[in-house]
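To keep things clear, I will list the structure first and then write my remarks on it.
The values are calculated or read from the model by the stated rules, or taken from the named source; none is laboratory data. Nothing here was measured: the structure is a model prediction, and the numbers come from that model. In this analysis, Cβ positions are derived from the backbone assuming ideal geometry, glycine residues included, and neighbour counts consider all displayed protein chains.
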């Protein structure tokens with residue numbers, strides 16, 4: 001276990017372990033190995049940066065860890081249970097409750113308000129509107145959008161939209177936050193503010209966080225930084 005990337009004994013409980021992850025894409029007769037027998041352990045209360053060249057498989061790794069994409073080989077364990085051993089419905093429910101996703105592009109629904117967008121995972125989980133909105137409101141206030149609850153995405157700046165996306169990612173109280181270039185589409189000032197907010201919330205909520213980033217300043221602020229190269233983390 002001590003050779004598994006991301007593992008730091010004594011610093012938080014391990015919540016997710018990936019063992020022997022392999023991802024192979026077939027394009028005609030060409031076989032492209034993106035992840036090559038990769039191991040990873042993630043602990044609560046710890047933040048991990050994954051860096052690497054474009055096309056190295058960083059996003060693919062996040063999608064597999066979050067249950068959005070199945071590996072070709074290997075397994076992902078969450079609290080000791082195999083993530084991909086679940087039915088599709090069970091996997092979707094786990095993904096909605098256990099994992100919060102933040103992407104480079106916020107993917108907000110344009111016809112819904114900030115409050116309604118942030119509450120969407122709770123609504124998808126079957127919570128009544130009042131309860132779902134009640135979950136989302138304090139999170140939006142926490143990310144600095146108390147005065148923008150009823151604004152639609154088109155009425156918000158890029159940084160504000162990403163704050164809504166961050167609130168949405170946390171509305172179900174997940175234990176893991178997966179962020180894929182979360183500020184890559186923002187100007188430098190907005191990016192710095194959102195990055196600082198992400199780190200604050202990771203600490204406040206005792207999350208396990210994996211952040212794919214090209215931002216060296218952000219990577220340096222996280223607990224650990226690993227490079228994905230040749231299908232393995234180093």
TODO: Please go through the stretch 136-147 and pick out each residue that is part of a helix (DSSP H, G or I), surrounded by fewer than 20 Cβ atoms within 10 Å (Cβ to Cβ) and in contact (Cβ under 8 Å) with a residue 12 or more places away in the chain.
DONE: 137, 142
Open item on the list: So if I check each of 7, 91, 40, which one is modelled with pLDDT of 90 or more, under 26 Å from residue 173 (Cβ atoms) and either assigned to a helix (DSSP H, G or I) or out of contact with any helix residue (DSSP H, G or I) (no Cβ under 9 Å at 6 or more places or on another chain) (or both)?
Closed with: 91
Task: helices (runs of 4 or more DSSP H) fully within the stretch 157-225 counting 3 or more residues that are in contact (Cβ under 8 Å) with a residue 40 or more places away in the chain and touching a helix residue (DSSP H, G or I) at 6+ places or on another chain (Cβ under 7 Å) - done: 158-170, 188-204
Open item on the list: Criterion first (surrounded by 13 or more Cβ atoms within 10 Å (Cβ to Cβ), over 20 Å from residue 180 (Cα atoms) and without any contact (Cβ under 8 Å) to a residue 40 or more places away in the chain) does residue 86 satisfy it?
Closed with: yes
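Considering each of 50, 17 in turn, give the residue that is touching a helix residue (DSSP H, G or I) at 6+ places or on another chain (Cβ under 8 Å) and modelled with pLDDT of 85 or more.
Details: 17 fails: touching a helix residue (DSSP H, G or I) at 6+ places or on another chain (Cβ under 8 Å).
Sole residue among the options that is touching a helix residue (DSSP H, G or I) at 6+ places or on another chain (Cβ under 8 Å) and modelled with pLDDT of 85 or more: 50.
I need the full set of residues from the stretch 199-229 which are over 19 Å from residue 13 (Cα atoms) and either loosely packed, with under 13 Cβ neighbours inside 10 Å or modelled with pLDDT under 85 (or both), in order please.
200, 214, 215, 216, 217, 218, 220
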Task: Conditions (1) buried (at least 19 other Cβ atoms within 10 Å of the Cβ); (2) at pLDDT 90 or above; (3) under 21 Å from residue 66 (Cα atoms): number failed by residue 123 - done: (1)
Open item on the list: If I ask for residues that are surrounded by fewer than 19 Cβ atoms within 10 Å (Cβ to Cβ) and in contact with a strand residue (DSSP E or B) (Cβ under 9 Å, 6 or more places away or on another chain), which ones from the stretch 96-106 would you list?
Closed with: 104
Open item on the list: Being part of a strand (DSSP E or B) and either out of contact with any strand residue (DSSP E or B) (no Cβ under 6 Å at 6 or more places or on another chain) or over 28 Å from residue 13 (Cβ atoms) (or both) is the filter here; which residues of the stretch 25-35 pass it?
Closed with: 25, 26, 27, 30, 31, 32, 33, 34
